[in-house]
């Protein structure tokens with residue numbers, strides 16, 4: 001899952017929203033560097049990633065890609081599934097997407113101590129409404145290109161957008177089957193933490 005899904009699943013409190021994003025920017029053991037509620041949200045983010053990466057529906061979705069792309073298919077799926085979530089937001093959330101993303105941007109803007117890499121992108125993220133823009137399939141091309149530039153070997157995702165376009169309907173169906181299972185997993189995890 002990418003930013004939008006983690007934010008949607010991680011909880012509504014500001015610390016939960018922050019930790020849901022920090023999970024992509026904070027690596028290594030959590031040793032009290034962040035407040036306890038933020039670290040709890042980072043741990044949930046990590047458990048979501050493990051659940052997602054090992055789930056049979058994710059394995060099925062990755063298998064739809066050509067063999068030479070499968071190693072990086074998870075990256076494409078993360079971005080595509082955020083598109084599916086944004087596009088079908090009302091099926092999974094009561095709060096309208098623009099209201100939700102606006103609230104996230106406000107929480108980020110009000111936080112004085114963001115992880116360094118996140119602090120660098122937050123102004124652009126909010127100004128360009130990255131989270132809401134996932135509704136538009138064409139935006140994914142820019143997202144995938146940006147990720148590709150940050151890979152250790154740029155160019156590994158070249159052609160990925162054409163594959164997402166070709167696989168749009170079956171991957172959308174994979175998302176529709178998988179996301180409720182992921183929501184159930186998160187509800188159980190949050191219940192255990194209470």
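Readers should treat all values here as calculations from the given coordinates under stated rules, not as data from a laboratory. Predicted model, so just to flag it, every value in this text is computed and none were measured. Every residue, glycine among them, receives a Cβ derived from its backbone with ideal geometry; neighbour counts consider all protein chains shown.
The angle separating the long axis of helix 97-110 from the principal Cα axis of greatest extent in the chain is about 50 degrees. Spatially, segment 172-194 and segment 1-47 are offset by 16 Å when compared through their Cα centroids.
Peptides 134-144, 59-69 ordered by packing proxy, namely the average of other Cβ atoms within 10 Å per residue, highest first: 134-144, 59-69. Of the residues 45, 55, 83, the one that moves most in a GNM of the chain with alpha-carbon contacts below 10 Å is 55. Which angle from 0 to 90°, rounded to the nearest 10, does the C-alpha axis of helix 36-54 make with the longest principal axis of the chain? Roughly 20 degrees between the two axes.
Please express the shape of segment 41-125 as an equivalent ellipsoid: the semi-axes are the square roots of 5 times the eigenvalues of the C-alpha gyration tensor, given largest first in whole angstrom.
Details: eigenvalues 155, 62, 34 Å².
Taking √(5λ) for each Cα gyration eigenvalue gives 28, 18, 13 Å.
Tell me the Kirkwood hydrodynamic radius of the chain in angstroms, computed as one over the mean inverse distance between distinct C-alpha pairs. Hydrodynamic radius (Kirkwood, Cα only) of the chain equals 17.2 Å.
Between 70, 150, 166, the GNM of the chain built on Cα springs shorter than 10 angstrom shows 150 fluctuating the most.
Under the simplified labelling scheme, the residue 145-residue 91 pair shows an inter-label distance of 2.9 nm, with each label point 7 Å from Cα along Cα→Cβ. Based on DSSP H segments of at least four residues, each scored -39500 (n - 2.57), the chain has a per-residue ellipticity at 222 nm of -22000 deg cm²/dmol. With neighbour counts taken as other beta-carbon atoms within 10 Å, the residues 82, 174 rank, fewest first, as 174, 82.
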